[in-house]
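The values are calculated or read from the model by the stated rules, or taken from the named source; none is laboratory data. Please read all numbers here as calculations on a predicted model, not as lab measurements. So basically every Cβ, Gly included, is an ideal-geometry build from the backbone, and we count neighbours across all protein chains shown. Note: accessible area is taken over every heavy atom of the protein model, side chains too, but ligands, DNA and RNA are not part of it. Shrake-Rupley method; radii C 1.70, N 1.55, O 1.52, S 1.80 Å.
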Amino acid sequence: MSREGLTRMTKVEVVVDGTIAPQVVDLFTHAGVTGYTAVSNVSGLGHGGYHEGRLLFNDQSALGMLITVVPDDQVDALLAGVRTLLGERSGVMFVSDVYVSRPEYFTT
Amino acid sequence: MSREGLTRMTKVEVVVDGTIAPQVVDLFTHAGVTGYTAVSNVSGLGHGGYHEGRLLFNDQSALGMLITVVPDDQVDALLAGVRTLLGERSGVMFVSDVYVSRPEYFTT
Amino acid sequence: MSREGLTRMTKVEVVVDGTIAPQVVDLFTHAGVTGYTAVSNVSGLGHGGYHEGRLLFNDQSALGMLITVVPDDQVDALLAGVRTLLGERSGVMFVSDVYVSRPEYFTT
């Protein structure tokens, strides 16, 4: 697979209660991200909030998924912020490698 | 990029006809996942169901995307289950590396 | 983590203004993809279009996220097409590794 002309960065996805989504966006901003994508119409269960071992459909609540991509030197600040925000909440954060073109778009 | 304090796990994304989404959730449950995220308002074509080489907008149908994250020792059971479910259907499964904080949230 | 029986391919996610989404799908088709997933109800800011350093909620616009998976020999053509399409637009493209079962579903 050719990754020629692409730059590796870090993708951070946060799934939280919809009411907390604006706080995640605010946190993204303070961590210096240049953009984000928000997916609404998201529902789910857990991870963490529900450890009963059974997933009930009526436990579903309106969630938001917020996605951003940052260069290496911004990852630590961003992750620290998200961790603090999620500290006492049941949201989850997924961190993964991603390759982008136009890396200057993701750099402040 | 710092992955300090993060734990590698496996992200499994399944895109299926919306009518089958509850079966995927049920399968997740039996495989021992502690949570999942469901994205509605998803449409698409293929992969596999349509090999005409042309993608027609009126072929779109209501799909569901189900996302879960599991530790290594649960991956095989989960993938086997999804494969069996998708056996004669046109849904797709995407498997990728992901890093999470709070790994205990993803472990039963 | 067992990746036995899975095949590595490349996942390409494109987030663009909703009005451009059909052009992305058309581009996918011409690059020979066998399927795609479209997520609607997506909003966001940047990356690239907005470099003011502040993210305002009223800057959100209706976006579309298009996801496809291709084998190695189709990656270059697909990426070239997306880059050209995004050339003067603020959309973003995320490229990542993904593992799939049934690789024949992703091959024309």
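Observations on the model:
- Considering only chain B, the C-beta nearest to the rotation axis that sends B to A is found at B:ASN41, 3, the distance in whole Å.
- Inter-copy label distances at B:GLN23, using a point 7 Å along Cα-to-Cβ, come to 4.0, 4.0 nm with the shortest given first.
- Per-residue HN-Hα couplings for region C:97-108 [Karplus 6.51, -1.76, 1.60; θ = phi - 60°; Hz; x = Gly/Pro]: 6, 8, 10, 10, 8, 6, x, 5, 5, 9, 10, 7
- Inter-chain shielding of A:27-37 (mean C-beta neighbours from other protein chains, 10 Å cut-off): 5
- Available extension along the chain between B:THR84 and B:GLU4 is 25.2 nm, counting 0.36 nm per residue and deducting the alpha carbon span.
- Shielding score for A:66-79, defined as the mean number of other chain Cβ atoms within 10 Å: 3
- Accessible surface buried upon B-C contact (total; probe 1.4 Å; Å², nearest 100): 2600
- Sum of side-chain charges, A:THR7 neighbourhood, beta-carbon under 14 Å (Lys, Arg +1; Asp, Glu -1): 0
- Look at the stretch C:86-96: the mean tally of other chain Cβ atoms within 10 Å of its residues' Cβ atoms is 5.
- Modelled spin-label separation between B:THR19 and A:ASP76, with each label point placed 7 Å from Cα along the Cα-to-Cβ direction: 5.4 nm.
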